[in-house]
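So the structure is just underneath, and the comments pick up after that.
The values are calculated or read from the model by the stated rules, or taken from the named source; none is laboratory data. None of these values were measured; they are calculated from a predicted model. Methodologically, a virtual Cβ is constructed for each residue, glycine included, from the backbone with ideal geometry; neighbour enumeration extends over all protein chains shown. Just so you know, the surface numbers come from the protein's heavy atoms only, side chains and all, with ligands and any DNA or RNA stripped out. Shrake-Rupley method; radii C 1.70, N 1.55, O 1.52, S 1.80 Å.
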Amino acid sequence: MAHVAIIGAGFVGLSSAYWLIRDGHQVTLYDPAGAAGGASFGNAGTFANYACIPVNNPTVFRDLPHYLLSGSSPLRLRWGYLPQLAPWLLGFLRSSTTARYTQSATALATLLGRAQEGYTDLIAQADLSGFIRPRECLYLYSSLSAFHASLPTLELRRKLGVQTRILDKAEICALEPSLQALFERGALFEGSWHLSDPSAFLRVLQSWLFGQGLQIRATPVLTLKPHVHGVVLTTPEGSAQHDFVALCAGAHSGALAAQCGDRVPLEAERGYHLMYPGSSALISRPVGWAERGFYMTPMAQGLRVAGTVELAGLGSAKHQGLLDLLHFSAQKALPQLGEPTAPWLGFRPTLPDGLPVLGRSTASARVLYAFGHQHIGLTLGGLSGMVVADQVAGRESVMDLTPFAASRF
Ligand SMILES: Cc1cc2nc3c(=O)[nH]c(=O)nc-3n(C[C@H](O)[C@H](O)[C@H](O)COP(=O)(O)OP(=O)(O)OC[C@H]3O[C@@H](n4cnc5c(N)ncnc54)[C@H](O)[C@@H]3O)c2cc1C
């Protein structure tokens, strides 16, 4: 049995706690914000096992000027942040060639193909099946030209094992009759599902883990210092030694990884959500609008409209233009929607090649990384937790981790 510290109580950290406790380890979880205090709180809730196409793909060279300059674009860049963003942005563009993007998509498909394994046992043991909604996600295109432009990515998904059913306008209307008849084509992704309440899922998981012996410290980890027999971490309350540390701090992982010998170009893809209480019954499944870059997901507290990407670092100021775009676009698809409640901003942790960092640190085999899951951290949280537990146990990992090594940068 080892003493293991986990930094971060999102989908990745809490799933790691599950798999480590299952192996019989003593686990301490550090997070000042508590369960689901980060990006895991307000996401669109989709188990998106089809999402193997990273944002960096060859179309960015053609589409980026439009995305950066158009008022209806779901992507915004705060220009004052450009000097800090430049290394990440250059890496992102370098990763957008056909060859590199195909490599990333293939590596992501390997993870996504096994993502369900990370959750099946966890959901059963912690009695979380009440949060699962087994309705496939529907991704919509409001113009035939956008649909035709996406055909190469749909074909790549198919080659990588994603089962997709293409729907025409009449089939979309029959499936989701409350939607305006705006959508020319849709892709229904077989085997996907969603959560009715991502943050409650994690809170219930955390309290179940607490009953299994999880220790919880509501404090930030300030420093990490590996040595031969363990890792010393410091918090504002003092220092503690653990046999292993799993770094699962999402978009905030960069500084701690640097202390362990790895300078990773981690950035935040900021995303927003709006909640519409009482509107969940309007649609029966997560519905994405491709050109507008968001999902609408029926959840326990109402309809959640979540998405957009803003490149502006980790500050807390919200972009009203993106929130207006979300509201306007959602009402265009569902005119029955009223006014939303308070908006939420979250930070997707993203590396330039769209792949997470999974594996051991350069400085020490006792520091394990699991961060950088971009738009699919809910989906990959369970599997990432399995990978962390395999490394602590010294078991061979369920897959080749080479594409995800921190040293690739
Ligand atoms: C709008 C939006 C929609 C999304 N939709 C989906 C979706 O439908 N499906 C999907 O799979 N993914 C989705 N995502 C992405 C997903 O939410 C993230 O990838 C995922 O939540 C990342 O989980 P995590 O555990 O790595 O990080 P987080 O959930 O961000 O957790 C990191 C935790 O670390 C803590 N922390 C930070 N620094 C420290 C420190 N020094 N010491 C201790 N603790 C620390 C933070 O408080 C935080 O709680 C979406 C994201 C956004 C923003």
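Quick notes on this one:
- Prolate/oblate/rounded label for region 338-381 (Cα gyration tensor, a/c 1.5): prolate
- Heavy-atom accessible area order for MET399, MET1, largest first, 1.4 Å probe: MET1, MET399
- Using alpha-carbon coordinates, inclination of helix 59-69 to the longest axis of the chain, degrees: 80 degrees
- For region 309-325, Karplus couplings with θ = phi - 60° (6.51, -1.76, 1.60), whole Hz, Gly/Pro x: 9, 10, 9, 7, x, 9, x, 9, 5, 8, 9, 4, x, 5, 5, 5, 5
- In the distance distribution for region 3-408, Cα-Cα pairs more than 38 Å apart total 16 percent.
- Here the peptides 103-111, 10-18, 151-159 are ranked by packing, the mean other Cβ count within 10 Å, and the order with the highest first is 10-18, 103-111, 151-159.
- Each residue of region 397-405 is assigned a 3J(HN,Hα), and the resulting list reads 6, 5, 8, 6, 8, 3, x, 9, 5 Hz, derived from the Karplus form 6.51 cos²θ - 1.76 cosθ + 1.60 (θ = phi - 60°), x at Gly and Pro.
- Of the peptides 61-72, 374-385, the order by per-residue mean of other Cβ atoms within 10 Å, starting with the highest, comes out as 374-385, 61-72.
- Residue-level accessible surface for ILE123, protein heavy atoms, 1.4 Å, Å²: 20 Å²
- Taking amide H positions as modeled 1.01 Å from N, with prolines and chain starts lacking one, the residues under 5 Å from ILE216 and 5 or more places away or on another chain are LEU29.
- In terms of its C-alpha gyration tensor, region 201-292 has an oblate overall shape, because the principal axis ratio a/c (a ≥ b ≥ c, square roots of the eigenvalues) is not below 1.5 and a/b does not outweigh b/c.
- Helices in the chain, meaning DSSP H runs of at least 4 residues, each add -39500 (n - 2.57). Divided by all residues, the mean residue ellipticity at 222 nm is -10000 deg cm²/dmol.
- Centre separation in Å (Cα based) which lies between region 384-398 and region 205-265: 17 Å
- Area of THR362 that stays accessible when all protein chains are in place (1.4 Å probe, Å², to 10): 90 Å²
- Dipole magnitude of region 3-408, debye to nearest 20 (Cβ charges: Lys/Arg +1, Asp/Glu -1, about Cα centre): 500 debye
- Rounded to 10°, Cα long-axis angle of helix 82-94 versus longest principal axis of the chain: 80 degrees
- Using alpha-carbon coordinates, inclination of helix 98-113 to the longest axis of the chain, degrees: 70 degrees
- Amide H contacts of LEU303 (H built 1.01 Å from N, under 5 Å, at least 5 apart or other chain): TYR276, GLY278, SER279, SER280
- Beta bridges by DSSP in the chain, antiparallel share as percent, to the nearest 5: 70 percent
- Residues with amide H under 5 Å from that of ASP23, placed H, sequence gap 5 or more: none
- The alpha carbon centroids of region 1-73 and region 303-324 are separated by 17 Å.
- Cα gyration tensor shape of region 28-122, rounded if a/c is under 1.5, else prolate or oblate by comparing a/b with b/c: oblate
- Mean Cβ count within 10 Å, highest first, over the residues of peptides 182-195, 137-150: 182-195, 137-150
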